[in-house]
Amino acid sequence: MKLTGAQIVAEVLLDHGVDTVFGYPGGAALNIYDELYKYSDRIRHVMTAHEQGASHAADGYARATGKTGVVFSTSGPGATNLVTGIATAYMDSIPMVAITSNVDNSLIGRDAFQEIYIAGITIPITKMNYFVNDVDDLEMTLRNAFRIANSGRKGPVLVDITKDVTAAKTEFTNKPPLPLDPKPSPTKEELAEAVRLINNAEKPVAYIGGGCISSNACEAVNELISRADIPAVHTLMASGIVSYDNELNLGLVGMHGTVAANRAIDQADLIIALGARFSDRVALNPKKWGRRARILQIDIDASEINKNVHIDKCCVGDVKEILERMLEYVDKAQHYEWHERVCGWRTKERVRRTLNHGMDPKEILEAISTMCDDDTIYVTDVGQHQMWAAQYLKFRKPKKFLTSGGLGTMGFGYGAAIGAQMGKPDCRVVHITGDGSLHMNMNEACTAVSENLPVITVIFNNSVLGMVYQWQTIFYGGRYSSTVPHRKTDYVKVAEGFGAHGYRAENIEQLKAAMADAMKQDGPSWIECVIEPEERVLPMIPGGKTVEDIIVE
Amino acid sequence: MAKEMKKKIVSVLVDNLPNVMTRVASVLGRRGFNIDTITVSSTGNPDITRITMVFNVEEEVADQIVAQIAKMEVVKSVSVLNREKTLYRELLLVKVNAMPDQRDSIKNIVEVYRGSIINLTTTSLVIEVTGSPEKLDGFMDLMDEFDVVDFCRSGVTAVERNLQTDHGLE
């Protein structure tokens with residue numbers, strides 16, 4: 001059967017079970033968009049306000065559903081606007097296929113209108129990318145894109161297609177999706193050594209990262225820690241793997257992690273790293289991090305071994321598969337003394353808020369958590385609100401906390417929340433943001449209105465760029481360079497201007513009332529919570545320091 | 001304190017695609033390491049290309065760079081070549097201004113290095129020498145005495161010895 005390039009794009013999407021895509025049309029993408037129009041009964045296209053929003057939406061969709069996020073754009077500025085979204089997905093290992101159109105093959109390399117070499121631009125931020133200028137290569141290239149995005153350590157792949165290719169016809173073979181690449185797998189001996197380390201440890205800690213979510217290892221991780229009585233710390237990316245109320249869960253580790261989590265890493269004799277990469281926000285001082293411990297790393301990406309921290313033993317492969325192979329050999333254990341010590345740190349943990357006026361960020365998040373069920377998906381932007389959300393929201397399940405951990409993309413939240421809501425229409429989606437982050441991509445409110453998505457945006461408005469402001473307070477003598485913008489934005493009016501619902505809360509009661517009302521709406525809502533500029537995220541371990549230097553008040 | 005740098009010769013088999021050299025080289029560029037030489041050459045398989053790179057890196061990051069190259073979609077295999085077990089060669093072309101009275105002494109040096117004079121005019125000559133990078137360095141040192149106008153080195157290409165059939169012949 002002969003199909004056009006644009007038809008092949010649509011058919012390959014259908015082959016891979018893609019029913020929702022995000023994007024923005026344009027001249028070079030006209031053929032593809034014409035086909036999306038004809039396939040609109042099977043592929044739903046969500047048009048955003050800006051391509052960046054579309055890329056974050058595809059990312060949020062992937063994070064919430066575990067499926068591949070797909071984003072379309074036209075050539076030139078359409079393609080460059082995807083860059084931040086692709087880089088965000090790359091840093092957090094999110095499977096995404098970005099399909100960009102380019103100018104006609106005859107114009108390539110001639111600085112044509114809206115021509116950009118997007119394949120060159122995205123080399124360092126994709127697992128692989130392709131420039132397709134022959135329709136005969138298109139089908140296999142797209143199939144490879146889906147294979148690569150989902151094989152091994154997941155990530156984004158970009159396919160750039162010239163406009164003439166989208167119009168040209170060729171034979172479509174209609175093959176099934178390509179099988180994923182075989183996963184690396186440790187030998188029996190390697191597994192036995194890993195098990196021996198675990199069984200011999202007296203003060204073990206599990207250090208859980210986002211890889212456990214990618215590999216669906218939630219059950220296996222919980223089985224391991226409960227079987228061998230292993231206290232667990234988690235990264236920003238792994239919130240919800242271990243339920244917040246599990247007494248083995250010591251909470252977030254790293255710069256703004258709990259005292260208990262950081263102290264446990266410092267005192268442990270074995271750290272079991274599960275799909276985690278020892279980033280500089282966790283291993284703040286890589287020479288001293290886990291200094292008393294042997295480190296066992298389980299990760300699917302061999303290039304993560306010994307990257308930031310010296311590893312004593314590693315198993316390269318899928319976390320879930322490896323844990324499932326190991327579990328029956330892991331001794332049931334009780335580390336009474338250790339358990340008592342670390343869980344004691346946990347229960348005694350108090351971060352003192354020094355301000356006694358304005359809304360307390362912790363209380364805001366606890367109020368929201370109480371009003372929403374366990375299936376609620378929280379999506380954040382980046383900054384203080386993100387850290388508070390990670391610290392104070394109560395997660396029982398994975399894939400419920402979507403945040404830009406690696407790249408730290410302010411402006412990620414709204415698009416991602418829209419994507420999450422499209423992928424999980426039955427779940428409540430709450431977008432937690434700050435006034436700084438919201439100003440970056442608040443334009444996506446129009447998308448949430450167009451699609452009638454009941455996303456609730458909670459704005460922590462401290463009128464400053466809180467996280468940078470906090471650093472300027474602590475490390476820069478209070479010289480608030482470009483962090484106090486004196487904006488006069490009226491969030492209620494802006495929300496209403498977009499056709500959304502707007503609320504303003506100056507205390508917890510008003511917040512609860514606004515939440516209750518927003519939860520009844522069909523469309524999107526914004527709730528502004530007024531907080532003080534002096535609110536700080538604590539605890540805090542400054543970069544390069546250790547738990548000994550932790551600031552708690 | 002400057003960290004100790006080690007010279008690495010890495011041989012990478014990659015898909016024969018446009019951009020493939022950029023992809024591989026960008027792993028080093030990202031970390032601010034210079035590539036001393038890079039050669040891209042065909043193999044017996046038209047779909048596969050060999051990239052041979054020589055670069056200086058800190059010992060502790062060498063393995064990680066190799067692992068990062070190894071995981072790229074376009075990369076089929078990577079090996080860090082062991083200098084003792086590897087045959088590596090480089091080609092040098094040197095253009096020297098030389099009057100007839102200097103030609104004999106240049107010719108003598110070229111003979112010792114088993115090179116050849118591939119172009120000759122009344123005032124200049126072009127010399128071709130092949131060998132290990134160290135041999136070419138040595139040759140260039142001797143050429144310092146003359147009026148070298150220009151020179152060009154191809155970069156290293158390398159292959160590991162086959163130990164069973166190797167009789168020590170070079």
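We did not get these values from a lab; they are worked out from the coordinates using the rules stated. These numbers were taken from a predicted model, which means no experiment stands behind them. Ideal geometry is used to build each Cβ from the backbone, glycine not excepted, and the neighbour counts take in all protein chains shown.
For region A:139-155, in order, what is each residue's ³J(HN,Hα) by Karplus, 6.51 cos²θ - 1.76 cosθ + 1.60 with θ = phi - 60°, in whole Hz (x at glycine and Pro)?
Residue by residue, region A:139-155 yields 4, 5, 4, 5, 5, 5, 4, 5, 4, 5, 4, 9, 8, x, 6, 6, x Hz.
Do you know the relative contact order of chain A, to the nearest whole percent, from alpha carbon pairs under 8 angstrom that are 6+ apart?
Dividing the mean separation by the residue count of chain A yields 14 percent.
Any idea how far apart B:ASN119 and A:THR354 come out in nm if each label point goes 7 Å out from Cα toward Cβ?
Label at B:ASN119, label at A:THR354, 7.4 nm between them.
Cα centroids of region A:1-24 and region A:150-216: how far apart, whole angstrom?
Centre-to-centre distance over Cα atoms comes out at 23 Å.
Hey, which aspartates and glutamates would be in cross-link range of A:LYS38, C-alpha to C-alpha under 12 Å, not counting anything within fewer than 8 residues on its own chain?
Cα-Cα hits under 12 Å: A:GLU11.
Any chance you could run the full-extension gain for A:ALA167 through A:GLU340? It's 0.36 nm times the residue separation minus the Cα-Cα distance, nm to one decimal.
Details: separation 173, 0.36 × 173 = 62.28 nm, distance 6.77 nm.
In short, 55.5 nm is gained.
What does a probe at B:ARG83 reach in region B:24-43, counting residues whose amide N is under 17 Å from the point 7 Å along Cα→Cβ?
Output list for this probe position: B:36-37.
Residue by residue through region A:320-334, what is 3J(HN,Hα) from phi via Karplus (6.51 cos²θ - 1.76 cosθ + 1.60, θ = phi - 60°)? Round to whole Hz and write x for glycine and proline.
5, 4, 5, 4, 5, 5, 7, 3, 5, 8, 7, 5, 5, 9, 9
Could you tell me the distance between the Cα centroids of region A:508-550 and region A:399-428, to the nearest Å?
Centre-to-centre distance over Cα atoms comes out at 16 Å.
May I ask you to derive the FRET efficiency for B:ASN162 and A:ASN174 from their Cβ-Cβ distance with R0 = 56 Å, giving the value to the nearest 0.05?
The formula returns an efficiency of 0.75 here.
Between region A:86-146 and region A:34-78, how far is it from one alpha carbon centroid to the other, in angstrom?
15
Determine the shape class of region A:310-440: with a ≥ b ≥ c the square roots of the Cα gyration tensor eigenvalues, call it rounded for a/c under 1.5, and otherwise prolate if a/b is greater than b/c, oblate otherwise.
Since a/c reaches 1.5 but b/c is at least a/b, the shape of region A:310-440 is classed as oblate.
Which of the listed residues, A:LEU438, A:HIS486, A:ILE474, is farthest toward the dipole's positive end in region A:409-508, when Lys, Arg count +1 and Asp, Glu count -1 at the beta-carbon?
Going by the charge dipole, the pick is A:ILE474.
Name the residue, out of B:THR121, B:THR39, B:THR49, whose mean-square fluctuation peaks in a Gaussian network model built on chain B with Cα pairs under 10 Å.
Ranking B:THR121, B:THR39, B:THR49 by mean-square fluctuation puts B:THR121 first.
Tell me the mean residue ellipticity at 222 nm calculated for chain A from its helices only (DSSP H runs of n ≥ 4, each -39500 (n - 2.57), averaged over every residue, nearest 500). Before the final figure, lay out each step's value.
Values: 22 runs with 204 residues, N = 553.
Rounded to the nearest 500, it is -10500 deg cm²/dmol.
Using DSSP to call loops (not H, G, I, E or B), can you name the GluC sites (Glu not before Pro) in region A:182-262 whose Cβ has at most 16 other Cβ atoms within 10 angstrom?
Values: sites: A:GLU189, A:GLU190, A:GLU193, A:GLU202, A:GLU219, A:GLU223, A:GLU247; in loops: A:GLU202, A:GLU247.
Listed in order of number, the matching sites are A:GLU202, A:GLU247.
Once amide H atoms are built 1.01 Å from N in the peptide plane, which residues 5 or more positions from A:HIS234, or in another chain, come under 5 Å H to H?
Excluding prolines and chain starts, which carry no amide H, the hits are A:ILE208, A:GLY251, A:LEU252, A:VAL253.
Shielding by partners for A:427-437, please: the mean number of other protein chain Cβ atoms within 10 Å of each residue's Cβ.
Working: counts 0, 0, 0, 0, 0, 0, 0, 0, 0, 0, 0.
Rounded to a whole number, the mean comes out at 0.
What is the list of residues in region A:132-165 whose amide nitrogen lies under 16 Å from a point 7 angstrom out from the Cα of A:ASP15, following Cα to Cβ?
Of the residues in region A:132-165, A:135-150, A:159 have backbone N under 16 Å from the label point off A:ASP15.
Rounded if a/c is under 1.5, else prolate if a/b is larger than b/c, else oblate: which is the protein assembly as shown, with a ≥ b ≥ c the root eigenvalues of its Cα gyration tensor?
Working: a/c = 1.96, a/b = 1.47, b/c = 1.33.
Judged from the Cα gyration tensor, the protein assembly as shown comes out prolate (a/c at least 1.5, a/b above b/c).
Pick from B:GLY131, B:GLY44, B:GLY115 the residue whose mean-square fluctuation is largest in a GNM of chain B, springs joining Cα atoms under 10 Å.
Answer for the Gaussian network model of chain B: B:GLY44.
Across region A:203-212, in residue order, what do the Karplus-derived ³J(HN,Hα) couplings come to in whole Hz, using 6.51 cos²θ - 1.76 cosθ + 1.60 with θ = phi - 60° and x for Gly and Pro?
Whole-Hz 3J(HN,Hα) from phi for region A:203-212: 10, x, 9, 8, 10, 9, x, x, x, 5.
Averaging the inverse of every distinct alpha carbon separation and then flipping it gives the Kirkwood radius. What is it for region B:86-159, in angstrom units?
Details: mean 1/r = 0.0806 Å⁻¹.
Roughly 12.4 Å, rounded to one decimal.
Under 19 Å from the Cα of A:LYS545, which aspartates and glutamates turn up, not counting those fewer than eight places away in the same chain?
Straight-line reach from A:LYS545, under 19 Å: A:ASP266, A:ASP280, A:GLU553.
What residues qualify as long-range amide H neighbours of A:VAL21, i.e. H under 5 Å apart, gap of 5 or more or another chain, H built at 1.01 Å from N?
Residues meeting the criterion, in which the H sits 1.01 Å from N, are A:ARG44, A:HIS45, A:VAL46.
If packing is taken as the mean number of other Cβ atoms within 10 Å per residue, what is the order of A:106-119, A:23-36, A:405-418, highest first?
Output ranking for A:106-119, A:23-36, A:405-418: A:405-418, A:23-36, A:106-119.
Please list, in order, the residues from region A:315-337 whose amide nitrogen is less than 17 Å from a point placed 7 Å along the Cα→Cβ vector of A:GLU202.
So the set is A:333-337.
Looking only at other chains, what is the average number of their beta-carbon atoms within 10 angstrom of each beta-carbon in A:307-317?
Per-residue shielding by partner chains comes out at 1.
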